[in-house]
1. Step by step: first the residues of the range 146-176, then only those that are touching a residue at least 40 places away in the same chain (Cβ under 8 Å) and within 20 Å of E12 (Cα to Cα), then the one that is least open to solvent (accessible area, probe 1.4 Å). Which residue is that?
2. For the range 124-142, what are the residues that are under 13 Å from P19 (Cβ atoms) and open to solvent by 40 Å² or more (accessible area, probe 1.4 Å)?
3. Quick check on this structure: which one of L113, L121 is aliphatic (A, V, I, L, M) and either modelled with pLDDT of 85 or more or open to solvent by 20 Å² or more (accessible area, probe 1.4 Å) (or both)?
4. Have a look at L150, L190 and point out the one that is in a helix (DSSP H, G or I), in contact with a strand residue (DSSP E or B) (Cβ under 9 Å, 6 or more places away or on another chain), closer than 22 Å to W63 by Cβ and hydrophobic (A, V, I, L, M, F, W, C).
5. Under 26 Å from F179 (Cα atoms), at pLDDT 90 or above and not polar (S, T, N, Q): does that describe D91?
6. Quick one: in the range 39-51, of everything that is surrounded by 22 or more Cβ atoms within 10 Å (Cβ to Cβ) and of a type outside the set (G, A, S), which residue is modelled with the highest pLDDT?
7. Give the range 13-64 a look and list any residue that's closer than 27 Å to T140 by Cα, among the β-branched types (V, I, T) and touching a Gly at 6+ places or on another chain (Cβ under 9 Å), or say none.
8. Any idea how many residues of the range 13-51 are touching a residue at least 40 places away in the same chain (Cβ under 8 Å) and in a loop (DSSP other than H, G, I, E, B)?
Amino acid sequence: DHYVLDILLVREGKAPAKPWLTVVIDDYSRAIAGYFLTFDAPSAINTSLALRQAIWRKDDLRWHVCGVPLVFYTDSGSDFISNHLKQVAIDLKIILTNSIPGQPRGRGRIERLFLTVQQMLLCELPGYAPPKQGIRGEPTLTLDDFEPRLRDFILDVYHVQPHSETNVPPQERWEAGGFLPRMPDSLEQLDLLLLTVAKPRKVRRDGGLGLVGVGGGLV
């Protein structure tokens, strides 16, 4: 899911702004599999970048969550029902499930995470700006400054404290039972599937192209 974080971050040559956070969470353990931070509005590519981190093995030894999900459950936002994400789901053999409008099954879990980030991390940082409450402290952090703070919070606080619903730390619940995640053959293959957008080519009326092809490029 996507969420606008209640913190103003410094941008070079522009006014401070609140970043978008896209998060992929494991439903069973509540562990964070991947995320993507940006000032840009949600898009299929941003979702793909969050999935890329979620699926592939992490360089950080504290972060063990990885693997291709069996089911990817989302709301019905335009990026989640895009043709690009549908094709990704087919290629990776993921069951893509969208919630029914007005019946957001499971959405409370991701919203609880966003609330935890706000109450335990953002409120301690300069530039914290909850709705209708003003700004607490002058914004001083950039997106690059904020990202490692978010990562440390996820790995050193959220993942190791008992979850309010499961009563088990997300990392411990993920690792229990010796689960072996399904992995792509390579990172290059994963990038090709996630970050290549197919675009139909127009057939010229002069007969120069006799067939309709599909081209793509890395975004």
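1. Top of the filtered list is F146.
2. T142
3. After applying the criteria, what remains is L121.
4. L150
5. no
6. Of everything passing the filter in the range 39-51, L51 is modelled with the highest pLDDT.
7. T22, V23, listed by residue number.
8. Within the range 13-51, residues that are touching a residue at least 40 places away in the same chain (Cβ under 8 Å) and in a loop (DSSP other than H, G, I, E, B) number 10.
The values are calculated or read from the model by the stated rules, or taken from the named source; none is laboratory data. Because the structure is predicted, anything quoted here is derived from the model rather than measured. Cβ sites come from the backbone with ideal geometry, for glycine too, and all protein chains shown count toward neighbours. The accessibility values were calculated without ligands, DNA or RNA, using every heavy atom of the protein model including side chains. Shrake-Rupley method; radii C 1.70, N 1.55, O 1.52, S 1.80 Å.
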